[in-house]
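Take a look at the structure set out below.
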Amino acid sequence: MRRTFSVLVENHPGVLARVAGLFSRRGYNIESLAVSHTEDPTISRMTIVAEGDEAVLEQVAKQLRKLIDVIKVQDVTAEEHVERELALIKVNADATARGEIIQIVEIFRAHIVDIGRRTLIIEITGDEKKIDAFEEAMRPFGIREVVRTGKIAMLRGSKVTSVTVKEDE
Amino acid sequence: MGKDKEKELMTGGEILVKCLEEQGVDIVFGYPGGAILPVYDALYDADIRHILTRHEQGAAHAADGYARASGRPGVCLATSGPGATNLVTGIATAAMDSVPLVAFTGQVPTSLIGRDAFQEANITGITMPITKHNFLVKDVRQLARTVKEAFHIATTGRPGPVLVDLPRDVTASKIPYEDPGPIRLRGYRPPREGNPVQVKRAVALMVQAERPVIYAGGGVISSGASEELRLLAEKLLAPVTTTLMGLGAFPGDHPLSLGMLGMHGTKYANYAVSACDLLIAIGARFDDRVTGKVESFAPEAKIIHIDIDAAEIGKNVRVDVPIVGDVKLVLRQILEILDARPNPAWQEKVARLKKEYPLTYKENGLKPQAVVRGIYEVTGGKARITTEVGQNQMWAAQFYTFTRPRTFISSGGLGTMGFGFPAAIGVQVACPDEIVFDIAGDGSIQMNIQELATAVNYELPVNVAILNNGYLGMVRQWQELFYNRRYAYTELLNPDFVKLAEAYGAEGILVEKPAEIRPALEQAIASPKPVFIDFHIDREENVMPMVPPGEAIHKMLG
């Protein structure tokens with residue numbers, strides 16, 4: 001079972017080490033992790049995708065909440081939400097393959113962001129499945145390198161996960 | 001005017017001392033060194049008493065013992081690098097047993113951090129998994145607020161150790177002191193009362209139960225809820241078993257007391273838990289030493305779990321009614337609405353179990369159990385007992401009847417050998433008018449024996465009962481039972497503990513016969529000095545009963 005947690009943390013040095021250390025010492029698996037600033041400069045957001053059974057995932061959320069620098073933990077999996085990843089894919093593209101690659105890029109609404117003599121870099125955003133599918137489609141041409149961000153997520157509609165707004169409600 | 005302004009300037013060290021005074025700290029245990037010098041310089045003029053231990057580990061355990069005996073936060077102080085790393089075992093011990101400890105460490109100047117400077121260690125990194133929280137103060141203007149937050153975090157919610165790392169330039173630099181104002185920790189909101197709906201559900205289960213058992217842990221003691229626990233037990237006529245950490249939370253001489261449960265618990269406690277239809281867990285965490293084979297633990301029971309730490313609930317066992325909150329407040333909520341229908345048949349059944357399966361030992365030769373009983377009898381059960389770890393700890397837990405909270409002080413979770421003696425020093429500082437005994441083994445006493453110098457230095461009349469069998473006894477017991485008597489490296493060649501004590505300026509007494517137990521104990525208590533009593537006990541005495549590791553708790557040896 002997999003869950004996506006949206007975790008708001010104090011923007012303090014060492015907070016990433018606290019979260020990562022918690023996962024490693026308790027034996028939890030992180031599938032992906034994305035960290036960034038939020039609309040409030042004193043708060044960072046970590047989007048963590050964790051895997052485990054129900055009991056483990058419940059512990060993940062509770063242990064995260066125990067960290068003093070963790071302000072809020074929300075499991076967004078069960079709620080209506082949008083999730084996105086971004087990937088950069090460097091693919092072999094000699095003159096004979098280029099046309100076909102460009103067609104596939106268009107179908108996936110991806111972008112070509114660099115053109116080399118024998119390679120292209122393609123940027124694609126979407127949910128995990130879309131990026132997986134695109135990677136598969138590129139595989140026959142010869143993928144040189146893939147760089148993927150961790151997953152980020154946001155609730156649909158007017159609901160938010162940030163602290164400030166929650167307190168105003 | 002300029003002069004006035006100058007007067008208001010304080011060094012970081014002075015600010016720290018001022019903050020400690022504001023927190024009501026009157027004692028710190030520590031060991032100086034280069035990076036912490038500005039703090040020591042400020043302590044020189046302060047009204048805070050400083051106990052110089054002979055090893056930083058001793059300082060951490062002494063501060064821990066002080067905290068467990070007094071209920072106030074313990075404070076220890078060490079320099080950077082090895083000073084700080086020597087605190088680590090003490091901090092981990094406090095973390096596992098939820099003890100409010102605040103550790104201050106010196107650090108190399110901020111400009112040198114990360115350059116592998118002399119006596120540099122990344123102590124905030126090292127202690128991250130063994131503290132409730134830790135801080136590296138990089139700016140002296142943050143110091144006062146950080147100290148305030150450190151004490152708040154250590155002492156509220158589920159207590160625990162907090163470390164504050166202080167680079168030397170931070171404690172040396174001068175600024176005008178400003179009150180930090182109220183703390184703001186938006187990620188930290190410890191729970192108080194339990195959810196009333198859950199409380200009602202718990203009460204409903206209590207009213208229906210025919211065979212309830214209360215399983216109480218150290219949380220009852222940290223919460224100060226012994227009185228509420230007794231009221232609940234008496235109202236329900238529910239027998240009470242405690243964990244090692246919970247000893248003293250419920251009077252051991254109460255008719256409803258079952259003593260300790262688990263691996264070396266009483267048979268009647270383990271049988272009662274195995275037979276109960278409702279287990280009320282209060283401030284306890286279902287440790288593996290308690291549950292044995294977890295699938296067979298309290299197999300017929302519905303479980304109510306009251307704990308201040310939400311993460312403890314559902315961690316080791318499935319729970320029917322969880323209540324997250326401060327144990328004392330939750331018990332009051334329960335008592336307020338509980339209209340109990342006690343079941344005297346169950347109470348009688350439990351009383352029969354107690355009669356049928358008492359804790360016993362054979363009285364041939366000098367037995368450790370007789371020493372522990374002797375300490376209980378000679379002190380009228382009024383001593384503060386610390387222990388080391390191993391057989392000594394289990395005999396102390398089994399054969400001394402603890403009737404008051406904060407009188408049994410032992411490293412439960414981490415199982416730290418070498419804890420008991422420095423902890424006893426901290427306990428004696430907290431309770432100067434009480435009798436303090438460290439019940440020790442010949443192995444573990446040697447892990448912090450240098451603290452004899454501290455006890456002598458500060459005239460702390462701590463008594464140490466060394467249950468000397470010339471073995472690492474608990475390990476030897478496991479080798480006897482599970483490793484075909486192959487005593488790999490568990491036999492000890494020991495020093496003459498009497499002479500050793502005397503060399504330090506303490507008193508030493510040798511005891512070889514049962515008849516000498518009482519006079520030796522009386523002599524020790526009467527002595528104004530620290531005393532080592534070297535009891536040469538039966539070498540192969542085992543701690544019984546015993547649940548073999550991984551077995552169900554009703555399947556006991558002995």
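FYI, it's all coordinate maths here, none of it is from the lab. As the structure is a prediction and not an experimental result, all values here were calculated from the model. In this analysis, Cβ positions are derived from the backbone assuming ideal geometry, glycine residues included, and neighbour counts consider all displayed protein chains.
Before moving on, here are some points about what is shown:
- Per-residue mean of foreign Cβ neighbours for B:329-342 is 0 (Cβ atoms of other chains, 10 Å radius).
- Cβ-based charge dipole, chain A, positive-most Cα from A:111, A:46, A:140: A:140
- In a DSSP loop and with at most 13 other Cβ atoms within 10 Å, the chymotrypsin sites (Phe, Trp or Tyr not before Pro) in region B:74-182 are B:118.
- Rounded if a/c under 1.5, otherwise prolate or oblate - region B:394-443, Cα gyration tensor axes: oblate
- With θ taken as phi - 60° and the Karplus curve 6.51 cos²θ - 1.76 cosθ + 1.60 applied, the whole-hertz 3J(HN,Hα) list for region B:248-253 is x, 5, 10, x, x, 9 Hz, x standing for glycine and proline.
- Whole-Hz Karplus values for region B:275-290 come out as 9, 6, 9, 8, 10, 9, 8, 10, x, 9, 10, 6, 5, 5, 6, 8 Hz, taken residue by residue from phi with 6.51 cos²θ - 1.76 cosθ + 1.60 and θ = phi - 60°; glycine and proline positions read x.
- Rounded if a/c under 1.5, otherwise prolate or oblate - region B:196-356, Cα gyration tensor axes: rounded
- Summarising the amide proton neighbourhood of residue A:126: residues at separation of 5 or more, or on other chains, whose placed amide H is nearer than 5 Å comprise A:85.
- Note on region A:2-79: Kirkwood hydrodynamic radius from all Cα pairs is 12.4 Å, rounded to one decimal.
- The long axis of helix B:327-337 is offset from the longest Cα principal axis of chain B by roughly 50 degrees.
- In whole angstrom, region B:2-176 maps to an equivalent ellipsoid with semi-axes of 23, 18, 15, each derived as √(5λ) from the alpha carbon gyration tensor and ordered largest first.
- Given B:200/B:293; A:151/B:302; B:367/B:499, the pairs whose alpha carbons are separated by over 29 Å: B:200/B:293; A:151/B:302
- Pairwise alpha-carbon distances in region B:368-536 exceed 19 Å for 51% of all pairs.
- With an a/c value of 1.5 or above and a/b not larger than b/c for the gyration tensor axes a ≥ b ≥ c computed over the alpha-carbon atoms, chain B is described as oblate.
- Residue exposure sequence - A:108, B:535, A:134 - by fewest surrounding Cβ within 10 Å: A:108, A:134, B:535
- Distance between region A:97-164 and region B:1-76 - C-alpha centres, whole angstrom: 57
- Alpha-carbon Debye profile of region A:98-157, log10 I(q)/I(0) at 0.27, 0.29 Å⁻¹: -1.36, -1.55
- Helix axis angle, B:368-378 relative to chain B longest principal axis, alpha carbon, degrees: 80
- On Cα atoms only, tilt of B:420-430 relative to the major axis of chain B in degrees: 70
- Across peptide A:18-26, the mean count of Cβ atoms from other chains lying within 10 Å of each residue's own Cβ comes to 2.
- Derived scalar couplings between HN and Hα for region B:184-195 equal 10, 10, 6, x, 9, 9, x, x, 10, 5, x, 5 Hz in order, rounded to whole Hz, by the Karplus curve 6.51 cos²θ - 1.76 cosθ + 1.60 (θ = phi - 60°), x for Gly and Pro.
- Put in line by how crowded their Cβ is, counting other Cβ atoms within 10 Å and starting with the fewest, B:346, B:478, B:395 read B:478, B:346, B:395.
- By the helix-only formula, in which each DSSP H run with n ≥ 4 contributes -39500 (n - 2.57) and the sum is divided by residues, chain A has a 222 nm mean residue ellipticity of -10000 deg cm²/dmol.
- By the beta-carbon count within 10 Å of each Cβ, the least crowded to most crowded order of B:230, B:406, A:98, fewest first, is A:98, B:230, B:406.
- For region B:229-336, the set of GluC sites (Glu not before Pro) satisfying both a DSSP loop assignment and a count of at most 14 other C-beta atoms within 10 Å is given as B:300.
- The mean of 1/r over all distinct Cα pairs in the protein assembly as shown, once inverted, gives the Kirkwood hydrodynamic radius of 28.4 Å.
- Whole-number D in µm² s⁻¹ for region B:189-244, Kirkwood Cα-pair radius fed into Stokes-Einstein, 4 °C, 1.567 mPa s: 103
- The charge dipole of the protein assembly as shown, taken about the Cα centre with unit charges on the Cβ atoms of Lys, Arg (+1) and Asp, Glu (-1), comes to about 1020 debye, rounded to the nearest 20.
- Within 10 Å of each Cβ in A:56-63, the average number of Cβ atoms from other chains: 3
- Separation between Cα centres of region B:114-173 and region B:475-518, rounded to whole Å: 40
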